[in-house]
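Below you'll find the structure, written out as structure tokens, and then a few comments.
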Amino acid sequence: MSRFILKDRKAKKEQSKQHVEDLKTDKNTRNQKVLNNICPRCGGQLVVRTGKKGKFKGCSSFPKCRFIA
Ligand SMILES: [Zn+2]
């Protein structure tokens, strides 16, 4: 009986590991898109904007999309 529990625990551990990998991939894809001036949220173009705190890269679809790199 305990064997089944162990197997289950291992499976859960594997799942969470996979989840972390997915998150890493997501971040990499996001960064890659930002570097290419593509908004990862809506696929629009990122433009350099000047705000109160200086220059920043934001989505050109603002205020529809509020993505800020
Ligand atoms: Zn956007």
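Which of the pairs Lys17/Lys57; Lys33/Lys57; Lys27/Lys57; Lys24/Lys64 have their Cα atoms more than 22 Å apart in this structure?
On the way: Lys17/Lys57 32 Å; Lys33/Lys57 12 Å; Lys27/Lys57 17 Å; Lys24/Lys64 27 Å.
Table pairs above 22 Å Cα-Cα are Lys17/Lys57; Lys24/Lys64.
Can you tell me the length gained on complete extension of the stretch Asp26 to Arg49, counting 0.36 nm per residue apart and subtracting the Cα distance? Intermediate results must be reported in sequence, preceding the final value.
Working: separation 23, 0.36 × 23 = 8.28 nm, distance 2.48 nm.
The Asp26-Arg49 span can extend by a further 5.8 nm.
Under 12 Å from the Cβ of Glu14, count the other residues' Cβ atoms, weight Lys and Arg +1, Asp and Glu -1, and hand me the total.
Numbers: positive: Lys7, Arg9, Lys10, Lys12, Lys13, Lys17; negative: Asp8, Glu21.
Here the charged neighbours net out to +4.
Considering only Lys13, Lys33, Lys52, the Gaussian network model of the chain with Cα springs below 10 Å gives its largest mean-square fluctuation to Lys52. Per residue, the average separation of C-alpha pairs within less than 8 Å and at least 6 apart gives segment 2-59 a relative contact order of 16 percent.
Length gained on full extension, Lys33 to Lys12, computed as 0.36 nm times the residue gap minus the Cα-Cα distance: 4.4 nm.
Ignoring everything except DSSP H segments at least 4 long, calculate the 222 nm mean residue ellipticity for the chain; use -39,500 (n - 2.57) per segment, divide by total residues, nearest 500.
Working: 1 runs with 34 residues, N = 69.
Using -39500 (n - 2.57) per qualifying helix, the result is -18000 deg cm²/dmol.
Placing unit charges on the Cβ atoms of the charged side chains and taking the dipole of segment 2-59 about its Cα centre, the candidate lying farthest along the positive direction among Cys59, Ala11, Gln45 is Cys59.
Each label was represented as a point 7 Å from its Cα along the Cα-to-Cβ direction; for Cys42 and Ala69 these points are 1.7 nm apart. Compared with the dominant Cα axis of the chain, that is its longest principal axis, helix 2-35 is turned about 10°. How much accessible area per residue does the chain have, in Å², with a 1.4 Å probe? For the chain, the solvent-accessible area averages 92 Å² per residue. In the chain, the portion of solvent-accessible area held by carbon and sulfur atoms comes to 54 percent [1.4 Å probe, whole percent, DNA, RNA and ligands not counted]. Compactness of segment 2-59, taken as the C-alpha radius of gyration over 2.2 N^0.38 Å, stands at 1.88.
The values are calculated or read from the model by the stated rules, or taken from the named source; none is laboratory data. Small disclaimer: the values here were computed from a predicted structure and weren't measured. So basically every Cβ, Gly included, is an ideal-geometry build from the backbone, and we count neighbours across all protein chains shown. Quick note on the areas: whole protein, heavy atoms, side chains included, nothing else; ligands and nucleic acids left out. Shrake-Rupley method; radii C 1.70, N 1.55, O 1.52, S 1.80 Å.
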